[in-house]
Amino acid sequence: MIYVLCAILFASMVTCYDQDYCFASEENPYLMYGTKTAYEFVHEKPRNPEAVPYCRPVQFWMLTRHGTRFPEKKAIYSMQHLPDLRDQIINNHERRRKGRLCSEDLENLRKWTLSVFQNQAKELANQGYDDLKFMARRFKSQFPTLLNQTYSQDLYEFRFTDSERTKASAIAFAEGLFGRSSGIYFPAAVKNDTLLKAYDNCPKWKEEVGNTNKTLEEKHLFQMGPQMQALLQNVSERLGFGYKLTFVQLDEMYDMCRFDKAWNVRNISPWCAVFSKEELHLMEYREDLEYYYRTGYGNEINVKLGCPTVKDLINRFSQMENQNLHDRIQPAGIFYFSHSAALHMTLARLGIAKDREHLTHNNYNTMKSREWRTSKIGPFASNLAAVLFKCDEGDRHRVIFYLGEHLVRFDGCNVGLCSWSYIKDKFSNIAEDCNLDFCYKDRSGTQQHLSISWLTVAAFVFTAFCRQTFI
């Protein structure tokens, strides 16, 4: 009963809100669009060169998601329905006198054209190239003694997955550091890469997490709930329809809204006018639920799959710590280009962005300040960077972590500055015990869901929700 009353209140508030609202003139739009958030809106702003007293940076390690890309083929095909839907919305307003979009928002929809094609599917967009190029320049200005050097294959290592968008992201990042045509060595992508795509080489994950409807259970239950049902009703009425649109149509509009904004960060995305700010919060949480269970803390398998990258980080810094004059020169920069799943799993293994309680379909109202927010931990070009410092006083080596260029404040560290011995002790067992043997045995499932019968949501399992957009 309480849920129903909340839904009624939410619907009435949105209706009143619509009367005077015009997205086109919104000075402070909500730009947190989950995994399709533009990096431009969430990264930390440039800072002065990092100064740690009596210390100098000696190694930079980074794992990053590719930059802004185009949708997968299935999504592009689905978006081809939008011109007809747009025409219906305009007809609803102008001929049927239904709908509540302001004239400016309606005119922006009228001018909108679909400008993405099948041959662009999953490729890096121009904005995606800029994401990585300018990120590199910011890191370079922050750590000039480490990253502002002439390129050498011994000093800088690049590695990416077997996809166009991660390779293009690596090229863009290298340009930001060294300029164009710098003779950068980019090794061929590793087949069956268990470092940067451990999840894709783990049968247990594919069978029990990645390709299962069970993973989407909390998302579907949230979708069935009063808040999302009220959202669907409100959007349908706002656009002038006398019936409820489908969630497939809702997703088409939402995806166009956020992709459009990610490609053109300075322009208004006309389809975002479809949603109120509170509705965008709800859509964001709906996607957070999916990724929490598909690639995050909601399943212990995901946490285990974060160990290869954590092991690599610990081993790299340990080798640098123990380097002597007769050893092979250790690289100053190690740069990995992968996908959101790899980054999310790494964060989970490190305990970053972990909430006190699990995200579920019925705790949206108490999780508004959650740590697991894909808009911040998994937007386009999201990244985790770690910098090892060698010091002349106090701890011999220290470490700073950055997530999206923001300081990561680990417990036990001083405002983000950590003793390397503390970090090494904290994660040494993970590095030493890391292997993927579990991927090939005991496929019984370890999902940390509440005990809810899947039968209650079976009717809501649509293939549209099974798009593997987590990469």
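Considering helices alone, the calculated mean residue ellipticity of the chain at 222 nm is -12500 deg cm²/dmol, with DSSP H runs of length four and up weighted by -39500 (n - 2.57) and normalised per residue. Here the chain is assigned +1 on the Cβ of each Lys and Arg and -1 on the Cβ of each Asp and Glu. Its dipole about the Cα centre then comes out at about 420 debye. Compared with the dominant principal axis of the Cα atoms in the chain, helix 307-321 is inclined by about 30°. The angle between the Cα long axis of helix 126-142 and the main principal axis of the chain comes to about 40°, on a 0 to 90 degree scale.
Pairs spanning more than 28 Å between alpha-carbon atoms, out of Lys74/Lys261; Lys122/Lys219; Lys219/Lys424; Lys191/Lys390; Lys191/Lys441: Lys219/Lys424; Lys191/Lys390. Across all Cα atoms of the stretch 315-417, the radius of gyration (one decimal) and Dmax (whole number) stand at 16.9, 59 Å.
Distance distribution P(r), the stretch 134-256, all Cα-Cα pairs, bin width 10 angstrom from 0: 11, 23, 19, 20, 20, 7, 0 percent. Between helix 247-263 and the chain, what is the angle of the helix's C-alpha long axis to the longest principal axis, kept within 0 to 90° and rounded to the nearest 10? Between the helix axis and the principal axis of the chain, the angle is about 50 degrees.
With a cut-off of 20 Å on the backbone N, the residues of the stretch 415-437 near the modelled label site 7 Å out from Asn315 along Cα-Cβ are 421, 423-437.
One Cα centroid belongs to the stretch 280-334, the other to the stretch 214-256; the line between them spans 34 Å. Most simply put, the chain has about 70% antiparallel DSSP beta bridges, counting only bridges with both residues inside it. Specify the inter-centroid distance of the stretch 183-198 and the stretch 129-166, based on alpha-carbon positions, in whole Å. If you average the Cα positions of each part, the centres end up 15 Å apart. Computed from the C-beta positions of Phe117 and Ser369, the FRET efficiency with R₀ = 45 Å rounds to 0.65. Considering only C-alpha atoms, what is the centroid distance from the stretch 73-121 to the stretch 354-399, in Å? Measuring centre to centre over Cα atoms gives 37 Å. Overall, the anisotropy analysis places the chain in the prolate class: the square-rooted eigenvalues a ≥ b ≥ c of its C-alpha gyration tensor yield a/c not less than 1.5, with a/b exceeding b/c.
If you plug the beta carbon distance of Asp162 and Arg97 into 1/(1 + (r/R0)^6) with R0 = 56 Å, you get a FRET efficiency near 0.55. May I ask you to derive the FRET efficiency for Thr145 and Asp425 from their Cβ-Cβ distance with R0 = 30 Å, giving the value to the nearest 0.05? It comes to 0.60.
Every read-out reported here was derived from the displayed coordinates using simple, explicitly stated rules and does not represent laboratory data. For clarity, every value in this text was computed on a predicted model and none was experimentally measured. Heads up, the Cβs are rebuilt from the backbone with ideal geometry, glycines too, and the neighbour counts pull from every protein chain shown.
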